[in-house]
Amino acid sequence: MRLILLGAPGAGKGTQAEMLMKLYNIPTISTGNIFREHISKNTELGQEAKKYMDEGKLVPDELVLELVKDRIVQKDCENGMILDGFPRTIPQAKALDAMLEEIGKPIDSVLDVEVPDEVIIERMAGRTVCPSCGASYHKLFKVETVLGICNECSTHLIQREDDKEETVKKRLEVYHAQTKPLIDHYQQQDKVLVIDGVGTVDEVRARVKKALGVN
């Protein structure tokens, strides 16, 4: 099973990806992880990507595609893979389509996990974390015993920059601007499965399985 996962930050893609990895015995592939692996191994592709990253530039699509192709042809992708965070643009999607067609591994389905913006803002902006032991809390779902103090080690809790409401809103704006065209692109291929991402983990998991025709 070859899947693309789409969903805004905080939509719960990571949780569902873990379930799908076990269900189909396939890896989740993200470009960030690919970059890090190639750079740490000092490969030729990694060195080339690092040049752009060190200069604060985006890695060109052609190079990203080479890195993705190199990952997809590895043995653990024989049963398929989950692409998370790639493609991000229509040119990337078209280039990916062509590359996968060329190696005989086209995408089967695109899962679009949809959660209203206001729910995502509530989920993410309510989170705090302990900078010392890493324990996480939420003002609605997991409240600390003493306000602002970690239950585990009594350290003052902080809110990550990424979880601040204004940051979350900006990330959502970028996501919608980038992703709407991608959804349209894959809808034309009749590959988009829209998943309601509101509810418990088990409820969303059941919807994903139903959409994929899995019991």
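Report ³J(HN,Hα) in whole Hz for each residue of the range 73-83, in order, from the Karplus equation J = 6.51 cos²θ - 1.76 cosθ + 1.60 where θ = phi - 60°; Gly and Pro get x.
Values, residue by residue: 7, 6, 4, 6, 9, 4, 8, x, 6, 10, 8 Hz.
What is the extension gain from residue 50 to residue 18, computed as 0.36 nm multiplied by their sequence separation minus the C-alpha to C-alpha distance, in nm to one decimal?
Length difference between fully extended and current span is 8.7 nm.
Cα axis of helix 90-102 to longest principal axis of the chain: angle in degrees, 0 to 90, nearest 10?
50
Report, by chain and number, residues whose modeled amide H sits under 5 Å from the one on residue 81, excluding near sequence neighbours (fewer than 5 apart, same chain).
2, 3
Just to confirm the number: angle between the C-alpha axis of helix 31-40 and the first principal axis of the chain, 0 to 90 degrees, nearest 10?
Roughly 80 degrees between the two axes.
Work from the charge dipole of the chain (Cβ charges, +1 for Lys and Arg, -1 for Asp and Glu, about the Cα centre) and give the residue of 200, 181, 5 farthest towards its positive end.
200
Say we join alpha carbon atoms closer than 10 Å with springs in a Gaussian network model of the chain; which of 132, 109, 30 then has the biggest fluctuation?
Taking springs between Cα atoms under 10 Å, the residue moving most is 132.
If the viscosity is 0.890 mPa s and the temperature 25 °C, what Stokes-Einstein diffusion coefficient in µm²/s follows for the range 115-211 when Rh is the Kirkwood radius over Cα pairs?
On the way: Rh = 15.8 Å.
Answer from the Stokes-Einstein relation: 155 µm²/s.
Quick one: P(r) of the chain from all Cα-Cα pairs, 5 Å bins, percents rounded to integers, in order of increasing distance.
1, 6, 13, 15, 17, 17, 14, 10, 5, 2, 1, 0
Which lysines, on any chain, are close to residue 51 with Cα under 17 Å apart, when same-chain ones fewer than 8 places away are left out?
Straight-distance partners of residue 51: 41.
Can you give the charge dipole size of the chain about its Cα centre, rounded to the nearest 20 debye, using +1 on the beta carbon of Lys and Arg and -1 on the beta carbon of Asp and Glu?
So the dipole magnitude of the chain works out to roughly 340 debye.
Could you check which residue among 35, 141, 86 shows the biggest mean-square fluctuation in a GNM of the chain with a 10 Å Cα cutoff?
Judging by the Gaussian network model, the answer is 141.
If you line up the long axis of helix 13-24 against the longest principal axis of the chain, both from Cα atoms, how many degrees apart are they, to the nearest 10?
It is inclined by approximately 50 degrees.
Which log10 I(q)/I(0) values, to two decimals, does the range 108-163 give at q = 0.12, 0.17, 0.18, 0.24 Å⁻¹ under the Debye formula with one point per Cα?
The Cα Debye sum returns log10 ratios of -0.35, -0.58, -0.62, -0.89.
Rg/Rh for the range 157-215: what does it come to with C-alpha atoms and Rh from Kirkwood? Each step should come with its number before you reach the end.
Values: Rg = 15.6 Å, Rh = 14.1 Å.
Answer for the range 157-215: 1.11.
How large is the Kirkwood hydrodynamic radius of the range 56-134, in angstrom, based on all distinct alpha carbon pairs? Intermediate values should be presented prior to the final figure.
Details: mean 1/r = 0.0641 Å⁻¹.
Evaluated on the range 56-134, it is 15.6 Å.
Rule-based calculations on the coordinates, nothing more; no lab input. A quick note: this is a predicted structure, and the numbers were derived from the prediction, not measured. All Cβ positions, even for glycine, are placed from backbone atoms using ideal geometry, and neighbour counts span all protein chains on display.
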